[in-house]
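Visitor: Please read through the structure below; I'll follow up with questions.
What follows is calculated from the coordinates using simple rules that are stated; it is not laboratory data. This structure is a prediction, so every number in the text was calculated from the model and none was measured.
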Amino acid sequence: SGERAGGGRNEEEEEEEEEKDGGFAVGEGRTCGIIPLGGKCESVVTTGLQWNLDGTAALEFGGMVSTSNRIIDDVVTVQASRPLIFTTEVVQ
């Protein structure tokens, strides 16, 4: 159910599915991002995200910046070697 001949769902079906799972689509969490503040952040370790960071890749503009991750657990942790901005989608 919910699948059309073209393989996709219409907007109404997607909204109904989102409402069933507390505001976001099944299998996907709220969108979040981790952005370095004022320079290169050598180490970032996260838990609770779809694509956790393990501290081996630096975050910096012109390099890697995490802007389209997903929250998949009730608790998210972020440990960083320098200040970061953590963004998240607010779901009502």
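Visitor: If you bin the C-alpha pair distances of the stretch 27-92 every 5 Å from 0, what whole percents do you get?
Guide: Here the calculated profile for the stretch 27-92 is 4, 18, 31, 25, 14, 5, 2.
Visitor: Given H placed 1.01 Å from N in the peptide plane, which residues other than close sequence neighbours of Ala57 have an amide H under 5 Å from its amide H?
Guide: Val44
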